[in-house]
Amino acid sequence: MNSTSRRYFLGQCSGLSLGAMALDSLLAKVPTDIAAKAKRVIFLTQSGGPSQIELFDHKPGLAKLAGQKLPDSVRGGQRLSGMTQGKPQLIMPSHTEFARYGKSGATIGEWLPHTASVADDLCFVKSMVTDQINHAPAMTKFLTGHHLTGRPSMGSWVSYGLGSVNRDMPDYLVLLSKMKRGSDQPLYDHYWGSGFLPSVYQGVKLRSGKEPVLYLRDPDGLPRHLRREMLDRLGELNQLRFEQTGDPEIETRIQQYEMAFRMQASVPDLTDISDEPESVFDLYGPDSRRPGSYAANCILARRLAERGVRFIQLFHPDWDHHSRLKSWCTARCRDTDQPSAALIKDLKQRGMLDDTLVIWGGEFGRGVAGQGKWDSPEGGRDHHPRCFTIWMAGAGIKPGFSYGATDDFSYNVAENPVHVRDLHATVMNQLGINHETFTYRFQGLDFRLTGVEKSRVVNEILA
């Protein structure tokens, strides 16, 4: 699918109003015969590679192998990062105790007690696979379907395909955690970029502080009615130019000016969470009143979902634990465990989990070999793309279910591999989009989120 017909329609209608353009932006762009289970997505992106060995993938046999060399037959010549290449691969067992939770008996590490409390609402995919071993290309692949920059993010594809049901907010909003300590792990704008799609479909980043969106506030002394008149005249000029050139970026500019005008009222109302009852702050935990915290952003995610925003993405960095895994990973779990579980409970009690798809996960996992001294508190784990765990909930995903399995070392997928492409196909399916036919023509090629390689909807995890 491309926007040629829309450009032609706009170009031929000299009397087209801004209101009609706004209506056009709300119309569904993807005819499909797939029954949509999800109206929206909340993607809880854990940047850096959470360790599945400590959190979800219980491997009790590793205790007996502690300090031994990882067998060559297990590694199979797989690539290591430059940080551990050529160094001894000595097995480091899990730092956590595991237990089974809920009627489903899901195995969850002790650092995630709140996640354990909603185990029967979650679907754990323990056989995720990617083919990138370094953060930036792996996260780019995880979010855009390709390891090189320039492709649209999944949120942008969803925004382009489905539009929004809220004229006062963008289709795709991004919230970044404000960390208590600095993180050396960058979060690049292309992670939520629109790539070759019109830029109106890129994610809009909400900041903590007095100005959640930069340059949204009118200058002092500019009355509201004067701003409205200025935008009307500017829209007329841009429309004339669009009719002459057919440049879709002019259409984008018109829509963005109008959206910014509406957001001047909607964003302050959204980000002021003081009207939330005390029970909500208790549910999301002690950090939920701190602006920009992961907990506060989870509350904002629910408020955005209530307002009809189509794709909501939270980024929480600093899961890259090459050293001091035992202390640093527990800190990240404290940041995210209670708020993530609270979001599931909150959506469920409001009747919204049935049509909200929630995803929790990072770009890859961690390896079984210790980085540094395996038996030291300073020890950590290197990147590992060959198997990792995510969880999903809501919107037709099978609750209380675990899918896929790894070998005894949590090093290779043993059953039911799920590539990142398959995750994308499944998300699109739940939104009512056929990933194989949903394309955008760019430079003579029909691009799609899942690319040209084989990918599939993981029907086994669908309820």
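The values are calculated or read from the model by the stated rules, or taken from the named source; none is laboratory data. Keep in mind that this is a model prediction, so the values were computed, not measured. Here the Cβ positions follow ideal geometry from the backbone for every residue, glycine too, while neighbour counts run over all protein chains shown.
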Listed by first then second residue, the pairs whose first member lies in the stretch 432-444 and is in contact (Cβ under 8 Å) with a residue 40 or more places away in the chain, whose partner is in a strand (DSSP E or B) and surrounded by 15 or more Cβ atoms within 10 Å (Cβ to Cβ), with beta carbons under 8 Å and at least 6 positions apart or on separate chains, are T439/F447; Y440/F447; R441/F447
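Name the single residue, out of those in the stretch 72-86 being part of a loop (DSSP other than H, G, I, E, B) and in contact (Cβ under 8 Å) with a residue 24 or more places away in the chain, that is farthest from the chain's Cα centre (by Cα).
Taking the stretch 72-86 and keeping what is part of a loop (DSSP other than H, G, I, E, B), we get 76-86.
Within this subset, residues satisfying the condition of being in contact (Cβ under 8 Å) with a residue 24 or more places away in the chain are 76, 78-81, 83-84.
Details: G76: 31, Q78: 28, R79: 26, L80: 26, S81: 25, M83: 27, T84: 29 Å.
Among residues in the stretch 72-86 that are part of a loop (DSSP other than H, G, I, E, B) and in contact (Cβ under 8 Å) with a residue 24 or more places away in the chain, the one farthest from the chain's Cα centre (by Cα) is G76.
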When D33 is evaluated against the numbered criteria (1) of a type outside the set (S, T, Y); (2) at pLDDT below 85; (3) crowded, with 16+ Cβ neighbours inside 10 Å; (4) closer than 23 Å to L423 by Cβ, which criterion, by number, is the only one it fails?
(3)
For the stretch 108-136, give me each residue that is surrounded by 18 or more Cβ atoms within 10 Å (Cβ to Cβ) and more than 20 Å from P339 (Cα to Cα).
V125, K126, S127, M128, V129, T130, Q132, I133, H135
Of the residues that make up the stretch 335-343, is at least one assigned to a loop (DSSP other than H, G, I, E, B), at pLDDT 95 or above and buried (at least 23 other Cβ atoms within 10 Å of the Cβ)?
no
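Rundown of residues vs (1) at pLDDT 95 or above; (2) under 17 Å from the mean Cα position of the chain (by Cα), yes/no style:
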{"site": "V280", "(1), (2)": "yes, no"}
{"site": "R290", "(1), (2)": "no, no"}
{"site": "Y294", "(1), (2)": "yes, yes"}
{"site": "N297", "(1), (2)": "yes, yes"}
{"site": "L300", "(1), (2)": "yes, yes"}
{"site": "A305", "(1), (2)": "yes, yes"}
{"site": "I312", "(1), (2)": "yes, yes"}
{"site": "H316", "(1), (2)": "yes, yes"}
{"site": "W319", "(1), (2)": "yes, yes"}
For T149, work out the one condition from (1) among the polar types (S, T, N, Q); (2) touching a helix residue (DSSP H, G or I) at 6+ places or on another chain (Cβ under 8 Å); (3) closer than 13 Å to G49 by Cα it doesn't fulfil.
(3)
Matching residues, the stretch 400-410, being touching a Cys at 6+ places or on another chain (Cβ under 7 Å) and surrounded by 21 or more Cβ atoms within 10 Å (Cβ to Cβ)
T406, S410
For residues that are in a strand (DSSP E or B), under 30 Å from D121 (Cα atoms) and of a type outside the set (D, E, K, R), tally how many sit in the stretch 414-462.
4
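Which ranges mark the helices (runs of 4 or more DSSP H) fully within the stretch 87-176 that have 1 or more residues being within 30 Å of S376 (Cβ to Cβ)?
Working: elements: 113-117, 135-144, 154-162.
Filter on the stretch 87-176 gives 113-117, 135-144.
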Check off (1) surrounded by 13 or more Cβ atoms within 10 Å (Cβ to Cβ); (2) out of contact with any Lys or Arg (no Cβ under 7 Å at 6 or more places or on another chain) for L237 and give me the number that stays unchecked.
(1)
Restricted to the stretch 368-413 and to residues being in contact with a Pro (Cβ under 9 Å, 6 or more places away or on another chain), among the aromatic types (F, W, Y) and part of a loop (DSSP other than H, G, I, E, B), the residue farthest from I433 (Cα to Cα) is W374
Apart from one, (1) closer than 24 Å to Y257 by Cβ; (2) modelled with pLDDT under 80; (3) in contact with a Gly (Cβ under 6 Å, 6 or more places away or on another chain) all hold for P223; the odd one out is (3)
Flag if K398 is out of contact with any Ser or Thr (no Cβ under 9 Å at 6 or more places or on another chain) and farther than 23 Å from G102 by Cβ:
no
